[in-house]
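One structure is given here, and the rest of the page talks about it.
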Amino acid sequence: MAVTIAAESPLQDDVRPLIAELNAYLLSITPPEFCSHMTVEQMAGSDTTVFVGRDGGRAVACGALRRDTGGVSEVKRMYTVPSSQGQGIGGRILAEIEALAREEGFTRLVLETGHAHEPAWHVYERAGFTRCGPVLDYPDTGYSVFYEKLL
């Protein structure tokens, strides 16, 4: 069955466990004090649009656009369950995030990802993101890698 991508509420009963799985994964590779999690409730705020990838109706991936100021928006909460990785779902969600940022007039898309999350780096680099210094209010801790893309 084809994977569908759509903007959805993160407050759904089948999306909450996906976010919990993302948080558990991030905590397995990064000390908790250096994780920049958004709660599901924060993700449901008006400044954030969440995209969910579904395979046969099952939530298997997510990513979000968080709107900042000064023409900047941020990619947040990118995750694909292990059984669905390698199918290009993350890249498709990232493309939806970028398209929405462009549509809303943002000129720069930024993100922070983990220092040990090499598979994510490949997704971002394939989409045209380049490494940069710290973005927004993220500290340079050594546990983060930063990317940006001019739109």
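Just so it is clear, none of the values below were taken in a lab; they were calculated from the coordinates. Keep in mind it's a predicted model, so treat the numbers as computed, not measured. Here Cβ is always computed from backbone atoms with ideal geometry, including for glycine, and neighbour counts include all displayed protein chains.
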- Task: Select from Val60, Val123, Val81 the residue whose mean-square fluctuation is largest in a Gaussian network model of the chain (Cα-Cα springs shorter than 10 Å).
- Result: Val81
- Message: Looking at the chain only, what percent of DSSP beta bridges run antiparallel? Nearest 5 please.
- Response: 90
- Taking neighbour counts of Cβ atoms within 10 Å as a proxy for exposure, in what order, fewest first, do His117, His122 appear? His122, His117
- Alpha carbon centroid spacing (whole Å) that separates segment 1-61 from segment 77-141: 14
- Place a point 7 Å from the Cα of Ile29 in the direction of its beta carbon; the residues of segment 83-110 whose amide N falls under 20 Å from it are 83-95, 110
- In debye to the nearest 20, the charge dipole size for the chain, taken about the Cα centre with +1 at each Lys and Arg Cβ and -1 at each Asp and Glu Cβ, equals 320
- Note on the structure: Length gained, Trp121-Tyr138, 0.36 nm per residue minus C-alpha separation, equals 4.4 nm
- Query: Can you give the direction-averaged projected area of the convex hull of the alpha-carbon atoms in the chain, in nm²?
  - Reply: 8.3
- Task: Give me the distance in nm between label points sitting 7 Å out from Cα along the Cα-to-Cβ direction at Thr39 and Gln85, one decimal.
- Result: 2.9
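Once fully extended, how much extra length lies between Arg58 and Leu150, figured as 0.36 nm per residue of separation less the alpha-carbon to alpha-carbon distance?
29.8 nm is the gain from fully extending Arg58 to Leu150.
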- Query: How many nm separate the modelled label positions at Glu21 and Thr69, each set 7 Å beyond the Cα in the direction of the Cβ?
  - Reply: 3.8
- Message: I want to verify a result. In a Gaussian network model of the chain, Cα cutoff 10 Å, which of these has the top mean-square fluctuation: Glu118, Glu21, Glu33?
- Response: Glu33
- Note on the structure: Which of Thr39, Thr141, Thr48 fluctuates most in a GNM of the chain (C-alpha springs under 10 Å)? That residue is Thr141
